[in-house]
Ligand code: HEC
Ligand code: HEC
Ligand code: HEC
């Protein structure tokens, strides 16, 4: 029997498909060889190594992801949202049955810097190994000593991921890893940076601190567009994390850190606030609460030095030129025709005052504020709808909160208010529409974002 041209074409496509599939499978399953890490020098004092590792774990914020709300530290089980379903972090305490007690130093290194599990399977990049790839050998060795000898073993079985088949098949993740995770290919180069402080800051931000996982935009295939300053998208403002937009950390004057001093950055990382800005939303609150507030002064200064060294991205369209027009309008009560101004007086004025500056250290200032002036107004809308709570830190233990107004403001009113705040006191940024507000309201759900926040707070 002869085949019709259509059948021939189908047969050819199937044959090509099978070859491509077999090729992809073979590529994915070819084991990755990694440079073996040298063991710790026998002369090094164990207690000192464990203590050094405890500090590395703080700079790398391992506890934030590997601890469930209300759970034991590092015992895993925290849900991590991803576009393909929830995944759960694993138990990384040294329990031999359910944790990583059987990991050798080399196996540990392969998980941290390469994303390869002890059994050879690839880890989802929810574990930030593309950033950790830059970590120095000495830090990985210290980290290993800490997890083996400084962390108490907890017997707690891992939960399976809630990712639906076929996306739950792991081998294609190996293709992603081989394409996009640097592994041994791009070790951190101290000599690229002038001066010890700048180099230390670059190392902390790119490597253990993995700031880019939230603050750098991603490609359609989900890898970060740049892993260091060689790409101008590095830290230029990331995707939505639990409904909050991670800010631009580059030198842009209006929607970046261009107008912040080094001290402003240090204060923010230590206390969640500075003389005129506050951190809003659970994702960055968590970073402050678990990681940056515990870093030493030298390291915070190093991070600030590095961030201030990054040039502007230049993508933002908002402008700012301080003006007291709005303050005069609000004080004179000439707001009859301006619904945005009325809504501000009714809802916001008590705390943020008519000049938008209030008593700066208690309530953040709204003029020239990067969170207010970000190109995308999502964070501002979410803040007005659902509120936010400053993290309580050892230096500033009170946790001040801004209440949510979603229960009393309609989509229309919220949009008017957002547009007013983004165009007052010298702020100039595009307005928001009722549709923008409706989208955010839907995303944060009926509970006003509590569930989303819970996922990132514990
Ligand atoms: C942003 C969240 C996040 C951070 C930060 C993070 N991890 Fe993970 N880690 C995960 C997730 C999620 C998994 C499981 C991934 C999977 O199932 O493929 C994981 C897996 C692991 C594994 C593999 C464990 C196993 O089950 O065999 C180890 C080891 C590990 N992490 C150690 C660490 C250490 C040490 C740190 C700090 C240096 C750290 N992680 C920081 C999210 C994170
Ligand atoms: C889990 C995601 C996440 C990680 C990791 C993260 N951030 Fe953030 N960060 C955010 C989000 C979201 C915001 C926006 C909050 C806001 O607008 O106040 C933010 C805000 C900030 C701000 C305030 C910016 C502003 O304009 O108000 C600074 C400074 C900052 N982050 C620095 C860092 C540094 C340094 C690191 C690495 C040590 C880091 N972040 C890691 C999510 C993250
Ligand atoms: C009860 C006092 C209070 C009221 C009323 C209030 N706020 Fe706030 N606002 C705060 C506090 C406290 C913070 C810091 C919260 C945080 O960092 O989590 C804040 C933060 C902000 C920020 C973020 C500033 C930054 O640096 O990122 C903006 C913008 C803002 N408020 C706007 C408004 C608007 C608009 C209204 C009216 C709908 C309003 N606030 C009503 C207390 C208040």
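Only the coordinates and a few stated rules stand behind these numbers; no lab work does. Worth saying up front: this structure is predicted, and the values here are computed from it rather than measured. Don't worry about glycine lacking a Cβ; one is built from the backbone with ideal geometry, like all the others, and counts go over all protein chains shown.
Return the distance in nm (one decimal) between the two label points of a simple spin-label model at residue 186 and residue 47, each offset 7 Å from Cα along Cα→Cβ.
That separation, rounded to one decimal, is 4.1 nm.
Report the gain in length on full extension from residue 119 to residue 332: 0.36 nm times residue separation, minus Cα-Cα distance, nm rounded to one decimal.
Gain on stretching residue 119 to residue 332: 69.7 nm.
Between region 46-121 and region 220-263, how many Å separate their Cα centres?
Each part reduced to its Cα centre gives a spacing of 26 Å.
Relative to the longest principal axis of the chain, what angle (0 to 90°, nearest 10) does the C-alpha long axis of helix 171-180 take?
70
Can you tell me how region 193-458 classifies by the Cα gyration tensor, rounded, prolate or oblate, using a/c under 1.5 as the rounded cut?
Prolate shape, in that a/c is at least 1.5 and a/b is the bigger ratio.
Based on the alpha-carbon gyration tensor of region 50-102 and its eigenvalue square roots a ≥ b ≥ c, which shape applies: rounded if a/c is under 1.5, prolate if not and a/b is larger than b/c, or oblate?
oblate
Starting from 0.36 nm per residue, how many nanometres of slack lie between residue 33 and residue 194 once their C-alpha separation is accounted for?
Value of the extension gain: 54.6 nm.
Ratio of the chain's C-alpha Rg to 2.2 N^0.38 Å, to two decimals?
Normalised by 2.2 N^0.38 Å, the Cα Rg of the chain equals 1.09.
In which sequence would 46, 159, 270, 336 go, from the one with the fewest C-beta neighbours within 10 Å to the one with the most?
336, 46, 159, 270
Sorting 440, 19, 140 on the 10 Å Cβ count, fewest up front, what's the list?
19, 140, 440
Which shape class, rounded, prolate or oblate, goes with region 1-81 when its Cα gyration tensor gives a ≥ b ≥ c as root eigenvalues, a/c under 1.5 marks rounded, and past that a/b bigger than b/c marks prolate?
Because a/c hits 1.5 or more and a/b fails to exceed b/c, region 1-81 counts as oblate.
Using 0.36 nm per residue, how much length does the chain from residue 296 to residue 394 gain when fully extended, once their Cα-Cα distance is taken away?
34.0 nm
Report the calculated FRET efficiency for residue 442 and residue 408 (r = Cβ-Cβ distance, R0 = 25 Å), to the nearest 0.05.
Between residue 442 and residue 408 the formula returns 0.90.
Quick one: angle between helix 297-309 and the longest Cα principal axis of the chain, in degrees between 0 and 90, rounded to 10, please.
80
Residue 24 to residue 262: FRET efficiency via 1/(1 + (r/R0)^6), r the Cβ-Cβ distance, R0 45 Å, to the nearest 0.05?
0.40
Is it possible to state the helix-based mean residue ellipticity at 222 nm for the chain, with each DSSP H run of 4+ residues giving -39500 (n - 2.57), the sum divided by total residues, to the nearest 500 deg cm²/dmol? What is it?
Rounded to the nearest 500, the figure is -11500 deg cm²/dmol.
Rounded to the nearest 0.05, what FRET efficiency do residue 435 and residue 11 have when you use their Cβ-Cβ distance and R0 = 56 Å?
0.70
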